[in-house]
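The values are calculated or read from the model by the stated rules, or taken from the named source; none is laboratory data. All figures in this text were calculated on a predicted structure; none of them were measured in a lab. For neighbour counting, all protein chains shown are included, and Cβ atoms are generated from backbone atoms with ideal geometry for every residue, glycine included.
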Amino acid sequence: MSKRCQSFTDESKQEPDGSAPKRARWSTYNDVFTILAGVEESPFIIHKDRLCQSSDFLTAACSRDWKEGKEKTIRLHTIESTTFELYIEWVYCKEVHLAKILPAARVNGYGPHTLEGRAEEVRQLVKLYIAGDKLLDERVKNTVMDELSVRSDAWPKRSLCIPPDAISSVWESSPDSSPLRKMMLNSFASTHDVSSIESFEKTAYPYTFFYDLAIHQMLIRDLEPLEYRPKVDDHCFYHNHTGPDEVVQRAECHRVKYKSLLSRAHLLERKLMG
C-alpha cells in the first residue's frame, strides 16, 4: 500500500454537455510547503491542503503561478514565528491554544491571575488577528474575536486589559472599519474612567486612538455601558460577514443560535452609526 494518504475523485466520464472528460483530481497530505516566519525565518512545514483550506493569501502563494508555489517556500517576515505557531495550531485544530507560547496561560478557564498576564494574552491574540488580516483568513479573525469576548466576560470589571502597544499595533495595521478597533473602543469606553488616565498613558497610546475614542464616546453617551460592553452573547457583532445571512469563508459563527441577541447587537450598531 502506498505510504501517501490520498483521496480520489473519479471525473473520467464524459461531461453531460459532451465536453472532454476532466482529469482525475488527487488530494495528498504529503504535498507540503515550508513557511519561513519572522525576520529570523523560523521554518514551519505544513500540508498544502491545510493551507488552502484557511488562508486566501496562502492559497494564492501555493499556486505554481507564483515563485513561492514553484519553490514550495513562502516567506512571512512580517508575522512573528510565535504568532505563526498559534496560527498553524488553529489551522489544524480550529482552536487557539495560548498555552503553547504562554506557559502561564491556563488550559482550563480564561486568563492568568495577574493584570500583566492578561495583557500578554490580549497582546498575543491581537497579533494573531493582525496575522489573519495579512493572510486573508476571516475565520481565524472571527475566532480571535470570540476568544476576546470570552475573556471580557470572565475578567474582573469586564476589562480586556488592553496594553498600549497592542492598541498601537491595531491602529497602525487595521482600517477604520476593523471589528477589532470596534471591540477595543467599546471595551475601553465601558470599563475605563477617562479622568483616571495618567500622563504617561497619554503618551503611550497613539493620538489617533484617543481621537477615535472621543468620537466613539460622543456616539454612545446616551447608552448604558452594559449595552456596548463586549461580551460573549454579542460576539457575532464583531465578526466579518459578507451579508445578512452569509458568513465569509464559512467562518464559525453562531448566527442562528444567537439570532435574538444579534438583533440586539444590530440595534446597537444602528445607534452607534446614528
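Please go through segment 56-107 and give me each residue that is aromatic (Phe, Trp, Tyr) and in a helix (DSSP H, G or I), ordered by number. Outline the logic, then answer.
Taking segment 56-107 and keeping what is aromatic (Phe, Trp, Tyr), we get 57, 66, 84, 87, 90, 92.
Passing the criteria: Phe57, Phe84, Tyr87, Trp90, Tyr92.
Any residue at all in segment 193-200 that's over 16 Å from the mean Cα position of the chain (by Cα), in a helix (DSSP H, G or I), more than 17 Å from Met145 (Cβ to Cβ) and modelled with pLDDT of 80 or more?
For segment 193-200, residues over 16 Å from the mean Cα position of the chain (by Cα), in a helix (DSSP H, G or I), more than 17 Å from Met145 (Cβ to Cβ) and modelled with pLDDT of 80 or more: absent.
So in segment 128-166, with the set limited to residues that are modelled with pLDDT of 95 or more and not small (Gly, Ala, Ser), which one is nearest to the chain's Cα centre (by Cα)?
Going through the qualifying residues, I end up with Tyr129.
Can you find, within segment 37-58, the residue that is modelled with the highest pLDDT among those that are hydroxyl-bearing (Ser, Thr, Tyr) and surrounded by 17 or more Cβ atoms within 10 Å (Cβ to Cβ)?
Keep residues of segment 37-58 that are hydroxyl-bearing (Ser, Thr, Tyr), which gives 42, 54-55.
Cutting the leftovers down to surrounded by 17 or more Cβ atoms within 10 Å (Cβ to Cβ) gives us 54-55.
Details: Ser54: 80, Ser55: 87.
My answer is Ser55.
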